[in-house]
1. Within the range 399-415, identify whether any single residue is in contact with a Pro (Cβ under 8 Å, 6 or more places away or on another chain) and either at pLDDT below 95 or not in a strand (DSSP E or B) (or both), and answer yes or no.
2. Testing residue 85 on (1) within 23 Å of the chain's Cα centre (by Cα); (2) closer than 22 Å to residue 162 by Cβ; (3) hydroxyl-bearing (Ser, Thr, Tyr), one condition comes back false. Which one is that?
3. Starting from residues that are near the ligand (Cβ under 6 Å from one of its atoms) and β-branched (Val, Ile, Thr), keep the ones in the range 220-248 and report whichever is farthest from residue 380 (Cα to Cα).
4. Among the residues of the range 157-181, what is the count of those that are more than 14 Å from the ligand (Cβ to nearest atom) and assigned to a helix (DSSP H, G or I)?
5. Look through the range 298-336, keep the residues that are of a type in the set (Lys, Arg) and over 15 Å from residue 25 (Cα atoms), and return whichever of them is farthest from the ligand (Cβ to nearest atom).
6. What tally of residues in the range 391-427 results from selecting those that are in contact (Cβ under 8 Å) with a residue 40 or more places away in the chain, small (Gly, Ala, Ser) and closer than 19 Å to residue 441 by Cβ?
7. I'm trying to understand the selection: among the residues of the range 267-286, which are within 14 Å of the ligand (Cβ to nearest atom) and in a helix (DSSP H, G or I)?
Amino acid sequence: MSDVSMTIGGERRAAPSTFGVVNPATGEVHAEAPDCSREQLDEAFAAAAKAFVDWRSDEDARRAALKAASKVLMAAGERVAPVLTAEQGKPLAAAAMEPLAMGYWLRYFSGLEVPREVIQDDEAVYAEVVRRPVGVVAAITPWNFPIVLAGWKLGPALLAGNTVVLKPSPYTPRSTLLVGEILNEVLPPGVVNVVSGGDELGRWMTSHPTPRKISFTGSVATGKRVAASAAPDLKRVTLELGGNDPAILLDDVDPGAIAEKLYQAAFDNCGQICSAIKRVYVPEALHDDVVDALATRVAAAKVGDGMDPDTELGPIQNRSQYERVSELVAEALARGGSAATGGAPIDGPGYFFQPTVLTGVAEGMRIVDEEQFGPALPVIPYRDVDDAVARANATTYGLSGSVWSADVERAGAVAERLECGTAWVNAHVALGPHQPFGGFKWSGLGVENGPWGLAGFTEIQVQYRARS
Ligand code: NAD
């Protein structure tokens with residue numbers, strides 16, 4: 001039995017069967033979630049298609065509903081946090097922020113203008129470009145920020161007049177199901193449907209004839225499968241995929257002063273952030289000082305069960321990710337790298353890994369070339385800025401990157417050379433609902449957030465009126 005339900009057509013629904021959800025702090029199944037059947041998925045899409053008819057027609061009602069949804073989410077932190085921590089591992093305080101952030105996003109979109117533009121207005125023709133909803137949206141999310149990332153999709157999708165079927169990751173389904181129940185208190189039936197199940201449910205969604213748009217956040221490998229699955233009937237697709245973000249430190253940084261910011265941008269959420277710092281490039285002369293300052297901060301991080309209020313870093317979210325991080329670190333160490341701090345899994349139950357700073361590593365090692373998505377950070381010396389920029393860009397990823405310096409203008413000039421969707425100066429993982437977020441190359445297709453993200457949930461329509 002699952003104590004959280006799917007939401008289909010405004011009703012709380014159990015599934016014919018359930019699947020176990022593991023608490024990563026113990027490695028044990030702690031609860032169940034509904035395993036949506038194919039018929040139930042059909043029902044969810046049918047409910048969304050039915051709700052679309054009225055929902056699309058009244059923009060004021062949509063804005064009011066988004067505001068109401070924002071309000072209930074902002075009051076739901078304490079209710080959602082224990083459910084999210086138990087399945088995701090993150091500390092309770094961070095878990096409580098997720099519904100708040102989703103509420104903040106929904107409030108932003110409740111007030112965002114849906115653009116219309118007059119392109120011709122003369123004696124012969126009045127022509128205007130307007131935005132129309134695409135229809136039913138299939139939204140698929142990963143396990144690192146289940147609620148926040150659902151908010152990135154629901155805000156713009158709903159404002160534009162679409163209805164949604166949302167599927168969370170099978171690793172973290174319960175917090176999203178709970179959010180679905182909460183939203184159902186204020187949204188009309190069928191506008192947001194939440195279903196849960198395995199990866200196969202995601203495949204059913206992307207190949208289903210009803211949705212006209214897939215909004216996907218997850219790994220590059222799955223993103224490519226989603227794009228292929230959407231192609232036969234030309235469903236619109238937005239893909240927010242992985243990253244291997246570089247941070248380039250210039251030769252005038254104060255290692256002690258930036259260590260805390262680097263630590264947070266690399267290790268928050270146990271390093272499981274798409275746009276976390278995943279490689280640090282430092283001038284050769286500063287290498288040892290940066291490693292010392294960073295390793296000191298990282299070694300002080302309190303690792304533990306997210307339910308413990310003192311915990312800074314929880315476990316890695318799932319076994320296969322834990323094994324992957326362990327493998328990447330072990331390979332780096334076996335090939336001549338060394339750990340300035342950490343370097344190994346933590347004994348005992350759960351998927352805990354020592355927060356790790358690696359030196360003596362370089363391109364050609366998986367910890368540098370691939371997205372580690374965990375609490376292990378390589379620090380790599382560079383010769384000159386051209387060398388650093390070339391190495392930062394020499395990847396199939398292009399999500400984001402940062403440049404750090406006492407001189408913002410100088411850093412800005414280097415940041416302009418980064419091939420990625422967001423190029424920060426003296427910051428990293430600084431995001432907001434008004435700021436478009438997306439990746440170059442294999443890090444994605446399209447963007448989320450701001451008017452640009454809203455546009456991705458619309459079709460352009462020309463309203464053309466001949467006057468003579
Ligand atoms: P994943 O790709 O394994 O799974 C993501 C979602 O896709 C899950 O809900 C899963 O059930 C579903 N899925 C799996 N196979 C599918 C298929 N064939 N068709 C449709 N859906 C399918 O990713 P993950 O391991 O959950 O998440 C980690 C990845 O997500 C990392 O690479 C990370 O960088 C990326 N990510 C990107 C962003 C961003 O905004 N760019 C944000 C967070 C995470």
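1. no
2. Result: residue 85 fails condition (2) only.
3. Out of the qualifying residues, it is 226.
4. Of the residues in that region, 7 qualify.
5. Looking at residues that are of a type in the set (Lys, Arg) and over 15 Å from residue 25 (Cα atoms), I get 335.
6. Within the range 391-427, residues that are in contact (Cβ under 8 Å) with a residue 40 or more places away in the chain, small (Gly, Ala, Ser) and closer than 19 Å to residue 441 by Cβ number 5.
7. 268, 269, 270, 271, listed by residue number.
For every residue, the table says whether it meets (1) within 18 Å of residue 245 (Cβ to Cβ); (2) out of contact with any Phe, Trp or Tyr (no Cβ under 9 Å at 6 or more places or on another chain).
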residue	(1), (2)
362	yes, yes
393	yes, yes
408	no, yes
422	yes, no
430	yes, no
448	yes, no
466	no, no
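The values are calculated or read from the model by the stated rules, or taken from the named source; none is laboratory data. Computed from a predicted structure; not experimentally measured. Glycine also receives a Cβ, built like all others from the backbone with ideal geometry; neighbour counts cover every protein chain displayed.
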